[in-house]
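Following: one structure in structure tokens, then a few remarks.
The values are calculated or read from the model by the stated rules, or taken from the named source; none is laboratory data. Note that the coordinates shown come from a computational prediction; the quantities given were computed from them, not determined experimentally. With ideal geometry, Cβ positions are generated from the backbone for all residues, glycine too; neighbour counts draw on all protein chains shown.
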Amino acid sequence: MSCATTVDVGRFVVLLRAVNVGGRTLSMTALRDACEASGCTDVQTYIQSGNAVLAASTRSASTVERDVHDAIAAETGMDVAVLARTAGEMQKIVASNPFARRGIEPRRLHVIFLARKPKAAGSAIDTAKHAPDRFRIAAREVYLDLPNGLGTSKLVPAVVRAVGVPATTRNWNTVTKLADLVSR
């Protein structure tokens, strides 16, 4: 696997889509083992929703995504979407949240991580229909302000449908914790 093919070691956050929800279970031990089997090192998982922080001897997040995906499939038989962000990207995601900068309560904030940049997806969503929920698309992330919580929001499925790319959502506390962990 190519996580260990070059001498430049990068730090990454790895986010799995749709694990440990709806009966689809992947233990964090299995995730850690798969990441290590892909050639990544210094693997640390965070909570049970499919998050890992790791070192990989590659400059490419897409290579990390592919290698971890393939290792999870080989180790567990599961086909799981894997998204990766570098330490620098995570810092930028935290610093760029338009809602956090306005002092909105962290419990209301979430980020949808996208596999790739969507094509003008925001214009396809009727924002008035989803008020008071709000969103902002920025590159490969969608920032969310959900005053009534994620569980009741109809905006989140609408955004995921509109962007049309693999995506996974994390609450703001998880995002900031992962950004902190990957920067150590």
Run down Ala34, Ala30 and say which single residue is crowded, with 18+ Cβ neighbours inside 10 Å, at pLDDT 90 or above and either assigned to a strand (DSSP E or B) or not hydroxyl-bearing (Ser, Thr, Tyr) (or both). Ala34
Cβ contacts < 6 Å: first residue closer than 18 Å to Pro132 by Cβ, restricted to the stretch 149-171; second residue among the aromatic types (Phe, Trp, Tyr) and at pLDDT 90 or above, any location; separation 6+ or different chain. Result? Val159/Phe135
From the option list Ala124, Ala95, Ala139, single residue qualifying as surrounded by 14 or more Cβ atoms within 10 Å (Cβ to Cβ) and either more than 14 Å from the chain's Cα centre (by Cα) or of a type in the set (A, V, I, L, M, F, W, C) (or both) is Ala124
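With the stretch 134-184 as the region, which strands (runs of 3 or more DSSP E) entirely inside it contain at least 1 residues that are touching a Lys or Arg at 6+ places or on another chain (Cβ under 8 Å) and either modelled with pLDDT of 95 or more or within 19 Å of Arg85 (Cα to Cα) (or both)?
141-145, 167-171
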So, in the stretch 51-78, of the ones that are modelled with pLDDT of 95 or more and acidic (Asp, Glu), which residue ends up nearest to Cys35 (Cα to Cα)? Asp67
Quick check: anything in the stretch 126-133 in contact with a strand residue (DSSP E or B) (Cβ under 9 Å, 6 or more places away or on another chain), within 24 Å of Glu89 (Cα to Cα), charged (D, E, K, R) and touching a residue at least 12 places away in the same chain (Cβ under 8 Å)? no
Among (1) basic (Lys, Arg); (2) loosely packed, with under 13 Cβ neighbours inside 10 Å; (3) not in a helix (DSSP H, G or I) - the single one Lys129 does not satisfy: (3)
Any hit, the stretch 92-105, residues being at pLDDT below 95, farther than 20 Å from Ala138 by Cα and either in contact with a strand residue (DSSP E or B) (Cβ under 8 Å, 6 or more places away or on another chain) or not hydrophobic (A, V, I, L, M, F, W, C) (or both): yes
